There are 2 protein chains.
Amino acid sequence: MKLSELGEEALIKRLAEQGFIAKSGSGLIVGIGDDAAVLPGPDGMYTLVTTDMLTERIDYLPEWITPYELGWKCVAVSISDIAAMGGLPTWTFPSIGLKPDTEVESVDELYRGMAECARRFGSEIAGGDTNSVKGDDTFSITQLGQVEPDKIMLRSGAKIGDRILVTGHLGDSRSGLELLLKYGTEEARRKFAHLVESHVIPMPRVQEARAAVGTGAVHAMMDLSDGLGADLPKLCKASGVGAVIYADKLPISDELRRAADMLDMDATQLAASGGEDFELLMAVDPAAVDSVILACGSTTEIGEIVDGVIQMSLSDGTRQSLTSGWEHFAQ
Amino acid sequence: MKLSELGEEALIKRLAEQGFIAKSGSGLIVGIGDDAAVLPGPDGMYTLVTTDMLTERIDYLPEWITPYELGWKCVAVSISDIAAMGGLPTWTFPSIGLKPDTEVESVDELYRGMAECARRFGSEIAGGDTNSVKGDDTFSITQLGQVEPDKIMLRSGAKIGDRILVTGHLGDSRSGLELLLKYGTEEARRKFAHLVESHVIPMPRVQEARAAVGTGAVHAMMDLSDGLGADLPKLCKASGVGAVIYADKLPISDELRRAADMLDMDATQLAASGGEDFELLMAVDPAAVDSVILACGSTTEIGEIVDGVIQMSLSDGTRQSLTSGWEHFAQ
């Protein structure tokens, strides 16, 4: 069988079943299956470790993104995983493969983007590796973070009756990508600066996550990297629950609505299935929804944790399954 | 200017000078420039972090190495960095990019190799990332380790008069590569099994490093990943010293001598400049050379730390500069 037939989730399950990947316990506080691994850290804190790879032609096209933006995005993606665990980013380790004919000035810009993103969220580049590649440029960022043991957020704590909240808007990043595809970088950026920016220079929700965790009312959390349709099932599976999402409650920006018209796409669909928003998905104590929204700022209640399957409820009362998001290997 | 004109060392210096990379201090005990970064760890220990990327067609050709061996080698390369710091490997995070048409069975073998190498040296796979790539398969391993603060080994501690020791044999891995290039995998493996094995399934010197550090007589240490000719200057530069290497003392295996004849290459040259041996290079108190050799096992005194430049002393008494080893980007 080929990887493309198996898919990423089944691959990881298969590798875990063969005993290649450590289970939680015996030194590893939380292993594979959450946004970051959790290890014992200094001063009674937990250390968080996450790693993400971005590759040219799979994750981006160089004509769409500046080196500075690419550096920022590589680091932001991993910092978002630390935020999703309720943690604070500490140290960033970029392992980078570049073509030998890359201009040094564009490497400066790449690192400036990485360093500025890291610092913006309290981290610094502390090491890494640089390599030459013959083919596509490749960026693998390992991000460390720390979190107090009583503040750690997992995917597995959602309870039936919890309300489902998301920060910011959904679908902006995906629509930015679609605009780049359809109009090219110059026109897309001129017409829809914010949407393209959402795609190329995402803002991980570190402060929002810390504020949410501080309320004590968040039972489960993760970041939306593959899209609500792909990520919500992961949270539900980890928690052993189902969910109902209300389509008309999805936070959709005015710009996304305008873009959806021009793209001849459905804004709700983009919001429900678009990846790389890097917003927070939370399951929250129903009695404390207002206090979480107050603490986080721009945050919307979009549904409820239920006993059963995962469905999207449309405005006419009918229910349908959530459109799935990004699936590695299956392109 | 292109990366290929600048080179890896100058690139890192350039990025550091622009302030993109954290300096040692303020939470980062040792930053860029050693085999691993050093951070505060749990229980009064230091945490070590190292990351290495291997890419198809740059670091290996798939026809030369089995998926199992490739998995092993990816992890071994990073574990060797932990050993070089005097540490013990703890957790392994592989970030992997594979072509979608990769057979799942070969991914099993890849992970079996990674997991077995990790476990052989006390580590376990605790997370990671899997991605699809359009071009070359890519492997970025982040390896964590731990070390007692009083046992940490840096590149910077070498003193004038120290003796230079290396574990094992030098040049075996490089000759294995040359044999694969010249004869192809089947013939090379049949004729020179050990040399090819040195190249495809290297053994990091974790135990030897711990034994050496235990003597209290090792002042500086690193692993030989780019070859003696490229790595010794790094240790000397970090320590602000020079060195003399005695060509006739380089530990050269009988198999390497035989292979050098067939390859029409010079065995001493292969030993002095060949990369990927992953042996330990140590600067040792001259009064304690015997006790370090006794503690480590197969270890050879090959030279001396001096005030001045780095030279190789030939058997006729003349001196020449050390042939440099592997340089990224400059191929």
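Figures for the structure shown
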item	result
Output for the stretch B:84-108, where each listed residue is facing chain A (nearest Cβ under 7 Å) and assigned to a helix (DSSP H, G or I)	B:Val104, B:Val107, B:Asp108
Qualifying residue in the stretch B:108-131 (condition: surrounded by fewer than 23 Cβ atoms within 10 Å (Cβ to Cβ), modelled with pLDDT under 95 and in contact with a helix residue (DSSP H, G or I) (Cβ under 9 Å, 6 or more places away or on another chain))	yes
Conditions (1) assigned to a helix (DSSP H, G or I); (2) within 26 Å of A:Leu144 (Cα to Cα); number of the one not met by B:Lys23	(1)
Filter result for B:Ala259 (aliphatic (A, V, I, L, M), modelled with pLDDT under 95 and touching a Ser or Thr at 6+ places or on another chain (Cβ under 6 Å))	no
Hits in the stretch B:286-322 - residues which are assigned to a loop (DSSP other than H, G, I, E, B) and without any contact (Cβ under 8 Å) to a residue 40 or more places away in the chain	B:Asp316, B:Gly317, B:Thr318
Residue check, A:Ser80 under 19 Å from A:Ala37 (Cα atoms) and either outside any loop (DSSP other than H, G, I, E, B) or more than 7 Å from chain B (Cβ to nearest Cβ) (or both)	yes
Conditions (1) crowded, with 18+ Cβ neighbours inside 10 Å; (2) part of a loop (DSSP other than H, G, I, E, B); (3) more than 7 Å from chain B (Cβ to nearest Cβ): number failed by A:Pro62	(1)
Any pair with Cβ under 6 angstrom, 6 or more apart, that starts in the stretch A:115-140 at a residue that is facing chain B (nearest Cβ under 7 Å) and ends at one that is part of a helix (DSSP H, G or I)	A:Glu124/A:Ala118; A:Ile125/A:Ala115; A:Ile125/A:Ala118; A:Thr130/B:Glu8
Condition broken by A:Thr51, with the remaining ones in (1) within 21 Å of B:Pro89 (Cα to Cα); (2) facing chain B (nearest Cβ under 7 Å); (3) surrounded by fewer than 24 Cβ atoms within 10 Å (Cβ to Cβ); (4) at pLDDT 95 or above satisfied	(3)
Some residue of the stretch B:157-178 being among the polar types (S, T, N, Q), crowded, with 20+ Cβ neighbours inside 10 Å, under 21 Å from the mean Cα position of the chain (by Cα) and within 23 Å of A:Val49 (Cβ to Cβ)	no
Odd one out for A:Thr102 among (1) touching a residue at least 40 places away in the same chain (Cβ under 8 Å); (2) in contact with a strand residue (DSSP E or B) (Cβ under 8 Å, 6 or more places away or on another chain)	(1)
Qualifying residues in the stretch A:35-48 (those that are farther than 30 Å from B:Ser106 by Cβ and among the small types (Gly, Ala, Ser)) - the one surrounded by the fewest Cβ atoms within 10 Å (Cβ to Cβ)	A:Gly44
Candidate set from the stretch B:264-285 (those that are in contact with a strand residue (DSSP E or B) (Cβ under 6 Å, 6 or more places away or on another chain) and either modelled with pLDDT under 95 or part of a strand (DSSP E or B) (or both)); member that is surrounded by the fewest Cβ atoms within 10 Å (Cβ to Cβ)	B:Leu281
Residues of the stretch A:20-34 that turn out to be surrounded by fewer than 24 Cβ atoms within 10 Å (Cβ to Cβ) and more than 8 Å from chain B (Cβ to nearest Cβ), as a count	7
Members of the stretch A:181-201 found to be aliphatic (A, V, I, L, M) and more than 21 Å from A:Leu224 (Cα to Cα), listed by number	A:Leu181, A:Ala188, A:Ala193
Some residue of the stretch B:120-142 being more than 20 Å from the chain's Cα centre (by Cα) and under 30 Å from B:Lys191 (Cβ atoms)	yes
Residue check for B:Lys13: more than 9 Å from chain A (Cβ to nearest Cβ), at pLDDT below 95 and part of a helix (DSSP H, G or I)	yes
Residue within the stretch A:37-47 that is under 30 Å from A:His199 (Cβ atoms), in contact with a strand residue (DSSP E or B) (Cβ under 6 Å, 6 or more places away or on another chain) and facing chain B (nearest Cβ under 7 Å) present	yes
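The values are calculated or read from the model by the stated rules, or taken from the named source; none is laboratory data. This one's a predicted model, so the numbers in the text were calculated from it and none came from an experiment. Quick reminder, even Gly has a Cβ in these numbers, built from the backbone with ideal geometry, and neighbours come from all protein chains shown.
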